[in-house]
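The next block holds one structure in the form of structure tokens; read it before the comments.
The values are calculated or read from the model by the stated rules, or taken from the named source; none is laboratory data. Predicted model, so just to flag it, every value in this text is computed and none were measured. Using ideal geometry, Cβ is built from the backbone for each residue, glycine included, and neighbour counts are taken over all protein chains shown. For the accessible areas, the whole protein counts, side chains as well, though only heavy atoms, and no ligand, DNA or RNA atoms are used. Shrake-Rupley method; radii C 1.70, N 1.55, O 1.52, S 1.80 Å.
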Amino acid sequence: MTSLTAKDKDTVRSFWAKVSGKAEDIGMDALARMLIVYPQTKTYFAHWKDLSPGSAPVKKHGITVMNGVGFAVEKIDDLKAGLLSLSELHAFTLRVDPANFKIISHNILVVLAIMFPNEFTPQVHVSMDKFLAALALALAEKYR
């Protein structure tokens, strides 16, 4: 994995500042896409009565995911330490397969490109992709 440069970090912070006001919509759409395109991920949400796009549980968890992304932006200089408690939660309590972190990251990128076509430049794409990959790696830390 390519590490985040200072320029990448600045790009991520700047882009997040522009899009974070739409975090609820981003999260809901990204999670809904993940559940449709990668139906195997539904196993983690079997306790939800409604897995359809726009449903209350999808919306609520989408917000949770994007709050985590926002928290990671704040901890961008040391994601491994900054996300340690989230890594422990996902590894020991939720028991989420870490491959799913890459899946939701991909869906977040897709939604960002759709919702912010002018702001989602190739440089932003590269930096956000690297950031989300680093975030996924940090979340997987406690699985090792």
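Among the residues making up segment 38-62, those that are open to solvent by 70 Å² or more (accessible area, probe 1.4 Å), farther than 19 Å from residue 110 by Cβ and charged (D, E, K, R) are 49, 60. For beta carbons closer than 7 Å, sequence separation of 6+ or different chains, a first residue in segment 6-19 that is at pLDDT 95 or above and a second that is of a type in the set (S, T, N, Q) and open to solvent by 30 Å² or more (accessible area, probe 1.4 Å), the qualifying pairs are 11/123. Annotation note: Cβ proximity below 7 Å between a residue of segment 120-137 that is touching a residue at least 60 places away in the same chain (Cβ under 8 Å) and open to solvent by 50 Å² or more (accessible area, probe 1.4 Å) and a residue that is assigned to a helix (DSSP H, G or I) and among the β-branched types (Val, Ile, Thr) (sequence gap 6+ or interchain) occurs for 123/11. For segment 69-86, the tally of residues that are without any contact (Cβ under 8 Å) to a residue 40 or more places away in the chain and not polar (S, T, N, Q) stands at 5. Looking across segment 87-119, the residues that are open to solvent by less than 80 Å² (accessible area, probe 1.4 Å), without any contact (Cβ under 8 Å) to a residue 24 or more places away in the chain and not small (Gly, Ala, Ser) come down to 89, 97, 109. Filtered by the rule that a residue be among the hydroxyl-bearing types (Ser, Thr, Tyr) and more than 16 Å from residue 31 (Cα to Cα), segment 59-112 gives 85, 87, 93. For segment 44-68, a residue qualifies if it is among the β-branched types (Val, Ile, Thr) and touching a helix residue (DSSP H, G or I) at 6+ places or on another chain (Cβ under 7 Å), and the qualifying residues are 58, 63, 65. For segment 15-37, a tally of residues being open to solvent by 60 Å² or more (accessible area, probe 1.4 Å) and not β-branched (Val, Ile, Thr) returns 7.
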